[in-house]
Every structure is written in structure tokens, then in C-alpha cells.
There are 4 protein chains.
Amino acid sequence: MNGTTGSKVWYIPDGYYPSFSSGKFPSHEAICVLNPAAEDASISITLYFEDRDKMAGFSVVCPAERTRHIRMDQLKNAAGEGVPQGVAYAMMVESDRPVIVQYSRMDTTQAEMALMTTMAYPV
Amino acid sequence: MNGTTGSKVWYIPDGYYPSFSSGKFPSHEAICVLNPAAEDASISITLYFEDRDKMAGFSVVCPAERTRHIRMDQLKNAAGEGVPQGVAYAMMVESDRPVIVQYSRMDTTQAEMALMTTMAYPV
Amino acid sequence: MNGTTGSKVWYIPDGYYPSFSSGKFPSHEAICVLNPAAEDASISITLYFEDRDKMAGFSVVCPAERTRHIRMDQLKNAAGEGVPQGVAYAMMVESDRPVIVQYSRMDTTQAEMALMTTMAYPV
Amino acid sequence: MNGTTGSKVWYIPDGYYPSFSSGKFPSHEAICVLNPAAEDASISITLYFEDRDKMAGFSVVCPAERTRHIRMDQLKNAAGEGVPQGVAYAMMVESDRPVIVQYSRMDTTQAEMALMTTMAYPV
């Protein structure tokens, strides 16, 4: 395993944090990062919106040979801000070393959950 | 961030706009576009069908450092036509500068919603 | 638009045709093909299984500038055989000219439908 | 068909084996492998976690011109260990010859199932 596995920049155009939840679980999204290399990876997330300026400063470490499933509903940036609810947004995930990124959403707005997932788009 | 991020042409073979909705939300599809560059992107969408000629002339602007979640049930082309309901179709998304495109569908034909998503296919 | 868009061979490892349906729709899978070029494309589908030899001879035409959403539950090969139900399988989609392929499944085994989709894997 | 189809290493960052099931089916994940080549493929799976060391030693054979839908809830490694339930994890799938890999999850924690799928990320 060398350090060239994966990519350092990944995009996810379809982000949405539902305002409502029901059932056993809260509605949530996760950016799932896998770092198969021998050194820790510093992850930085930027959010893009339809009607306002981008938000930056969301930082997470994914340790060597570990995964991090970053819950977007629990993430705070350096200014203490969280992801806005009920608003369309998009994400850029940057890492200082190559990682692999997948995005998933569980929606429990209604009684029964719905799931969706996709690999993020690497550059 | 330079202008070479992403791609200028993306394809989505599986489009379908359900004729029925129930629950809290209407059934809908979205083409989610992310433009991380410093200049606005002009987006043009073409629809392909199984039994009729393609439809063009659907235009959207995705501003610089913004996302647009294009609701297919609300989109009209230059002739005032919308996406036909209950018919299989496919999409080509063209942009005058590189963007990233993801496709999602929420189906509420039955009482509980179902979700699916995938990155579009870049050329 | 030239003839080099897309790919001539696509793979889908996760095929499954549920034996049961309920609700408003039958459980079904679809191979969605988009042919944006100016000539018709001849599509050939091969099925792979866990415990038996592969099945070939499933043929479909996707006309120029058209899409075909191939319902796997309705497809028959040259020998009149259909896709076996309740059995894990995989698909190879071959075309005589470049196309784009996406795979989707609607499962209505239980009362409320579930959806999943992904781009097929191009070679 | 030559031996260069597909890839020998695939990553899946978002693994999760739900602790609860209901309805007609158990909650489960599957790594779906397709080996279209003329020789058998030896598959090796490694699991990565958020809070513990990786687990290796999960081995499966995907015969020539066959598919294997590897149920993660039934998989045991050489030490007799299975996939931990209720814990975020990620997967690396290695093969001694090129294969194609897709990941799917059926969640039946609540009464109605939810599905999600994506191609794994090839290296």
C-alpha cells in the first residue's frame, strides 16, 4: 500500500439535511472517508449553497488505516456553525493525502426510512 | 482551484418522473450541479426518450462557487414545455465550463418515500 | 457529438429479480441505455450466476438519439428464456457502438417500495 | 475477453451491519463480485474501523465466469470472526485477477426495507 491510493479532492453535489425525523433514527447524512495508508489524513470540508456564500472550516482527522463516517448533522466548523437544515447544498472534501470518499443519506422524515449512497466524485 | 475541475458533459440514462405522489413530499427528480470555479456556468439539458424525438432548450445558470439542485418537475424549456410524466427518459447535461453532476430521485408514489442517487457519467 | 461518447462494454455485478411483489408496482430491475449518437446501437446482454453457466443471447436495439430502459423481468433471449427469479446474478452489457448504461432496481417485496441505482462499470 | 477487465483492488468506505431486523428479510450488506474471465479469482477482504485495528483474513473464491454476492453478515475470517454489528466500518477488496465489485445494503431495521447500492471504487 503506497500513498497514491485514492484522491485528495472529492465532490458531492447533492447534500440535504432534512428538517424532520421520525422512527428509530434521526435523518442524517454521512461523508464516509477511508484512509488505507500508514499516515493520518487531515480532512477539510467546504459547503456550497444555492443562495449564499460557501462555508469552510470544517476539519476532521482520519487516522492511518482507519475509516471516519462523518455525520453531517453533528459537524461544526471553527466558528461553531453547523450544516443548515432544509437547504440544498453541495460538498467539497479535501485531504492532505489520498483517501476514498463515499456519501450516504438516511431520510426518516416519514415513518419508514429511505437510504441512498454513491461514491463521491474524485478529481 | 482552476477551471479544469469536473467535466463539461454528463449523462444520466435513468430518468423517470412518477405520475403519482403521496405522503409529505411530491415525487421528484433533481439534477444537482456543483460549480466550484470562480466564473458562472451556463447549463443546458437535453432529454432523450424511447418513442419520440429528443427535447432540448432547458437552460439553467449555476453561479460561481454555488450549487444548483435542478428540480426536473419544475423545469421548463424555451418553448414552455416541461418533463413528461410517467415516461422513461434520459438526460444529457452540458456546461460551458467544468462542473460536477449528481442525479437523485425521491419516489412517493406509495405512502413511504424511496430514494436513489448516483453520480452522473462524465465524458 | 461523435461516436466516441460512452463505452462499448459495461458490467453490473449486483443483479437480483425478487420472487415477490406487492403494492402498486411489480418488483423489477432495469438496465437503462442511452445512445446519444446518430446511428442505432445493437445491445447484447450476458448473465452470470453463482452456481450455473452463463446465459447469453439477450438482444435489444437502442435507436439513435434514444434511450431504452430494458426491464429485466420482461427480457427473453433467443431461446425464449427469461431472467431466473430469486437468484443472485450479474450482467455484462455489450454494444456495437459507445453508449451509457445505468442500473436501477425497484423492490416491492414488502408493502412499501425501495429503490437503488448506480452507473454500470465501463471498460 | 482478456484478463485486464476490471481491477484488482476496490474500496468501499461506507459499511454498516445493522443490529436489528424486521419484516421478511434480515438487514444485510453484500459485496457483489463479477469475474468474467476464464480463470478463478481469489478474493481477500480487509475491514477498517473508526476505533480499532483493521481485521483481515476474509477469503472467498469467485470462479471463472461466475458472480459471488458475498453476504457480509455470513462472512467469517480465518480466526472465525465475523463482521461486528452496529459499528461503522469500511472495506478493501483485493483479488489476484481483475474483477468488478459493487456494494449493496438492505436495511430492515424498521418495518419497510430500504436499499442502497454503488459501484466500489477501483484503484
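The values are calculated or read from the model by the stated rules, or taken from the named source; none is laboratory data. Source: prediction; values computed, not measured. Cβ coordinates were reconstructed from backbone atoms using ideal geometry, including for glycine residues, and neighbour counts include every protein chain displayed. Remember, those area values only see protein heavy atoms, side chains included, never the ligands or the DNA or RNA. Shrake-Rupley method; radii C 1.70, N 1.55, O 1.52, S 1.80 Å.
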Cα-Cα longer than 29 Å, checked against A:K76/B:K76; C:K54/D:K8; A:K76/D:K76; A:K76/B:K8; B:K8/C:K8, kept in input order, equals A:K76/B:K76; A:K76/D:K76; A:K76/B:K8
homo-copy label distances at C:A64 (7 angstrom along Cα-Cβ), nm, one dp, ascending, are 4.2, 4.2, 5.9
Accessible area (Å², 1.4 Å probe, nearest 10) - A:D96: 90
Give me the dipole magnitude in Debye, nearest 20, for chain C about the Cα centre, with unit charges on the beta carbon: positive for Lys and Arg, negative for Asp and Glu. 200
Would you please classify the overall shape of region D:8-76 from the alpha carbon gyration tensor, given that a ≥ b ≥ c denote the square roots of the eigenvalues, rounded means a/c under 1.5, and beyond that prolate means a/b larger than b/c while oblate covers the rest? oblate
Within 10 Å of each Cβ in peptide B:52-63, how many partner chain Cβ atoms are there on average? Round it to a whole number, please. 1
So, for chain B, what is the accessible surface per residue at a probe of 1.4 Å, expressed in square angstrom? 36
How far is B:A79 from itself in the other copies, in nm, if each label sits 7 Å out from Cα along the Cα-Cβ line, shortest first? 4.6, 4.7, 6.6
Placing +1 at every Lys and Arg Cβ and -1 at every Asp and Glu Cβ, with all other atoms neutral, what dipole size does the protein assembly as shown have around its Cα centre, in debye to the nearest 20? 40
Probe radius 1.4 Å, ligands and nucleic acids ignored: give me the carbon and sulfur share of the accessible area of chain B as a rounded percent. 48
So what does D:K54 come to for accessible area, using a 1.4 Å probe and Å² rounded to 10? 90
For B:P98, the net charge from surrounding residues (Cβ-Cβ under 14 Å; K, R +1; D, E -1) works out to -3
The alpha-carbon pair-distance distribution computed for the protein assembly as shown, with 10 angstrom bins and whole-percent values, is 4, 20, 32, 29, 13, 1, 0
With a 1.4 Å probe on protein heavy atoms only, tell me which residues of region A:84-106 lose at least 40 Å² of accessible surface in the complex relative to the chain by itself. A:I100, A:Q102
Distances in nm between the label point of B:E39 (7 Å along Cα→Cβ) and its equivalents in the other copies, shortest first, are 3.6, 3.6, 5.1
Rounding to the nearest 20 debye, state how big the charge dipole of region C:71-123 is about its Cα centre with +1 on each Lys and Arg Cβ and -1 on each Asp and Glu Cβ. 100
Heavy-atom accessible surface that A and D bury in contact, both chains counted, 1.4 Å, Å² to 100: 2600
Listed residues C:A79, C:A90, C:A38, most fluctuating in chain C (Gaussian network, C-alpha, under 10 Å): C:A79
Where labels lie 7 Å past Cα in the beta-carbon direction, separation of C:A79 and D:K8 in nm: 3.5
Whole-Å distance, taken between Cα centres, linking region A:68-89 and region D:51-80: 34
Can you give the accessible area of D:R97 in Å² (nearest 10), computed on protein heavy atoms with a 1.4 Å probe? 60
Quotient of Cα Rg and 2.2 N^0.38 Å for chain A, N being how many residues it contains: 1.06
